[in-house]
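What follows is calculated from the coordinates using simple rules that are stated; it is not laboratory data. Please read all numbers here as calculations on a predicted model, not as lab measurements. All Cβ positions, glycine included, derive from the backbone under ideal geometry; neighbour counts span all protein chains shown.
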Ligand code: UT7
């Protein structure tokens, strides 16, 4: 009997910029304070990319290089690089192609995958499918965003939330039944009005008017997004656990998108997963959009053991959301 090929994560890497934007600094820029931000979001500080002229690719390259160095792989062996991002360097020319060339992945093809805060989660599904089909052997998935490039630092409702960062995960075939085992992914266009950047796309190309109206900045109706996020993230995790007969005792780690600590607490609460099994680094990085999940994996890598059950969950603009069930494939050290 042929063993089914599964897609395992075999290495992770990450990068965050040096500059630390604290709640204290933010409270000198807008009418806010540390107490409000921590109580409402759980965020203490975030990282901001200050290098002039550098975009998302700068961080993506560093995250990929971190992974390549740690895993000691030859970048020429990478078949495909998927660049999950909501803030590509530029439109039209995919950021992933530039990143692939910069890291020496000369035998890979590459493209960008855009699904707001769910970009990395959806990318896991795409990466896993290429591996499971037997088509490719090494798929590098990078999640990176320079949110500071689209955040309005005079808008206290959004500037406190977002940060910049990048994370990467390598997917390879596995014949021990480890890796991505199930997914429940959803989207609903009703979300378009609640979390968006109005201008700069084909519908509203840039003009003096769009600049004047601040339409090139991220807009979020936080309250509405919050409600959808709590309900749908918990619902997706519930579906994944139910149909795979997982109880909270079977789950070693919940890996949630880091948008707001209150959203994470609500989702883990409904799943019955205690805090010590929930990956959390929002206090240090804020919401890095496509980078939250791989940065969690990087920060918690040392605690992960072969065979651990991980439940990923994300929710973001679109709306986009879902959950992925994965068995971890190696012991962290
Ligand atoms: O990753 C993509 C998905 N995004 C999310 O999941 C984000 C979802 N939304 C949220 O995380 C929350 O809605 C926010 C953190 C954005 C806001 O928290 P909230 O508890 O929903 O606050 P609110 O919008 O209901 O605002 C409460 C009060 C308001 O004042 P009034 O109207 O009660 O007088 C705001 O004006 O807090 C005020 N406020 C602030 N005060 C101090 C809003 N922002 C701030 C601020 N500092 N930065």
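Quick rundown of the values:
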| quantity | calculated |
| --- | --- |
| Fraction of antiparallel bridges per DSSP, region 182-333 only, in percent to nearest 5 | 75 |
| Gained length - residue 193 relative to residue 270, 0.36 nm times residue gap less alpha-carbon distance | 25.0 nm |
| Overall form of region 40-140 per C-alpha gyration tensor (a/c, 1.5; a/b vs b/c) | prolate |
| Semi-axis lengths, Å, region 181-327, gyration tensor of Cα atoms, sqrt of 5 times eigenvalues | 32, 16, 13 |
| Distribution of pairwise C-alpha distances over region 6-177, 5 Å bins, in % | 1, 9, 17, 19, 17, 13, 9, 7, 4, 2, 0 |
| Simple label model, 7 Å out from Cα along Cβ direction - residue 38 to residue 24, nm | 1.2 |
| Mean-position separation - Cα centroids, region 101-141 and region 54-98, in angstrom | 10 |
| Whole-Å distance, taken between Cα centres, linking region 143-213 and region 289-330 | 17 |
| Cα→Cβ-extended label distance, 7 Å offset, between residue 306 and residue 126, nm | 3.1 |
| Estimated [θ] at 222 nm from DSSP helical runs (n ≥ 4, -39500 (n - 2.57)) normalised by residues in the chain, nearest 500 | -9500 deg cm²/dmol |
| Packing-based order for 62-69, 270-277, using average beta carbon neighbours within 10 Å, highest first | 62-69, 270-277 |
| Full-stretch length increase - residue 176, residue 227 - with 0.36 nm per residue and alpha-carbon distance subtracted | 14.5 nm |
| Rounded, prolate or oblate (a/c below 1.5 giving rounded, otherwise prolate when a/b exceeds b/c) for region 242-333 by Cα gyration tensor | oblate |
| Contact order relative to length of region 181-327, as percent, for alpha carbon pairs under 8 angstrom and 6 or more apart | 36 |
| Protection proxy ranking of 136-143, 237-244 - average other beta-carbon atoms within 10 Å, highest first | 136-143, 237-244 |
| Stokes-Einstein D (µm²/s) once Rh is taken as the Kirkwood radius of the chain over alpha-carbon pairs, at 10 °C in 1.306 mPa s | 80 |
| Whole-percent pair-distance distribution, where bins are 10 Å wide, for the alpha carbons of region 86-149 | 20, 51, 27, 2 |
| Calculated FRET value between residue 137 and residue 31, using beta carbons and R₀ = 45 Å, to 0.05 | 0.25 |
| Ranking of 253, 321, 36 by count of other Cβ atoms within 10 Å, fewest first | 36, 253, 321 |
| The chain - share of DSSP beta bridges that are antiparallel (%, nearest 5) | 70 |
